[in-house]
Amino acid sequence: MTRQTKQITIIIIYIVAIVAFVGMIIAIMTPSPSCIDGIQNQKEDNVDCGGPCIACTKEIVGKDLIVTESHVVYGGEGKYDVVASVHNPNVLYGGEEVYYTIEILGSDGSVLGTRSGKTFILPNENKYIMEVGLDTNQQPSRVSVTIDNVKWVQFAEFDSPQILVKNQRFGLVENSTNYAEAFGLVSNESPFDFHNVVIHVILEDERGVPIAVNKTQMRTLDADSQREFRLLWPHEFPGTIKSSEMQAEANIFDSLNFMKKYLPSGQYQDLTTE
């Protein structure tokens, strides 16, 4: 072996050694692929999910909610109230968070008042969205209710909690500063104690058109119990009351709202066992 050949061999050995050393340092400093590294690097279906990691969350897309009708009614001097009927056509999808926008419009289409809010809707439910006390000094001619976004939850099976309004009564108030009143008996016919129940009341004229709306909250409604509520209106209505619609609801998506939790599987579970 010539001197030049020996030098080349030694250089190659040094280069190989350096490359091996650098590779070892890089391997030491580079973390192993994991399910929390923010990289899709180990046959994952998506970043940090699927394959060897936990299953990827499936995005749930339900059919659009349907606003079947909406009304704006006089709510006192400079104020108006809005009620809208909303239908969820999905049998096993509920809206844990339903974001909406209400606009009351003048005869020329101008926006006289607006309000955004959040509610929920159960599978295959018809419910009311109600906002009271929208400010405007002009008389609106119509209202627009838009569903902006829905966070869906899928149920394996679903039975709606039975919260009913019974003994509905309404009428004008005599010898009082108030003009009208409505009563009802909220009956919780489910085996679950709710901390908060919302009651919507709609008073209608002879055509079935709303002429007054209001809502109230009832704190603590135990299972298999009943409680009365009363709502008052201080202002006169533009019509005569002929009928009423009253609806009570409890948010089963809020685990703080009741003592027994309604799981996405469609089954109830006692929180005391967790």
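How would you classify the chain from its alpha-carbon gyration tensor, with a ≥ b ≥ c the square roots of the eigenvalues: rounded for a/c under 1.5, else prolate if a/b is greater than b/c, otherwise oblate?
Values: a/c = 4.28, a/b = 2.52, b/c = 1.69.
The shape class here is prolate.
For the chain, what is the calculated [θ] at 222 nm in deg cm²/dmol (nearest 500), taking -39500 (n - 2.57) for each run of four or more DSSP H residues and dividing by its residue count? Don't jump to the answer; show the numbers that get you there.
On the way: 1 runs with 27 residues, N = 274.
After summing the helix terms and dividing by the residues of the chain, the value is -3500 deg cm²/dmol.
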| query | In nm, to one decimal, how far is the D135 label point from the V111 one, both placed 7 Å along Cα→Cβ? | reply | 1.7 nm
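Using a Förster distance of 45 angstrom, determine the FRET efficiency expected from the C-beta separation of K43 and N126, and round it to 0.05. Don't skip to the answer; put the middle values down first.
On the way: r = 46 Å, r/R0 = 1.03.
With R0 = 45 Å, the Cβ-Cβ based efficiency is 0.45.
If packing is taken as the average number of other Cβ atoms within 10 Å across a peptide's residues, how do 199-210, 223-234 rank, most packed first?
Working: 199-210: 17.8, 223-234: 14.5.
In decreasing order of mean packing, 199-210, 223-234 become 199-210, 223-234.
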| said: I'd like the orientation of helix 3-29 relative to the chain: the angle between its Cα long axis and the longest Cα principal axis, in ° from 0 to 90, rounded to 10. | reply: 20 degrees
| field | Karplus-derived HN-Hα couplings along the range 101-111 (A = 6.51, B = -1.76, C = 1.60, θ = phi - 60°), whole Hz, x at Gly and Pro | value | 10, 10, 10, 9, 10, x, 5, 8, x, 6, 7
| task | Give me the number: length gained by fully extending I18 to H235, i.e. 0.36 nm times residue separation minus the C-alpha to C-alpha distance, one decimal in nm. | result | 69.2 nm
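Round to the nearest 0.05 the FRET efficiency obtained for R207 and A156 when R0 = 41 Å and r is the Cβ-Cβ distance. Don't jump to the answer; show the numbers that get you there.
On the way: r = 42 Å, r/R0 = 1.04.
With R0 = 41 Å, the Cβ-Cβ based efficiency is 0.45.
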| field | Segment I25-L185, extension gain: residue separation times 0.36 nm, minus the distance between their alpha carbons | value | 50.1 nm
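No value in this document is a laboratory result; all are computed from the given coordinates. In this text the structure is predicted, and so the values were computed from the model without any measurement. Backbone-built Cβ (ideal geometry, glycine too); neighbour counts: all protein chains shown.
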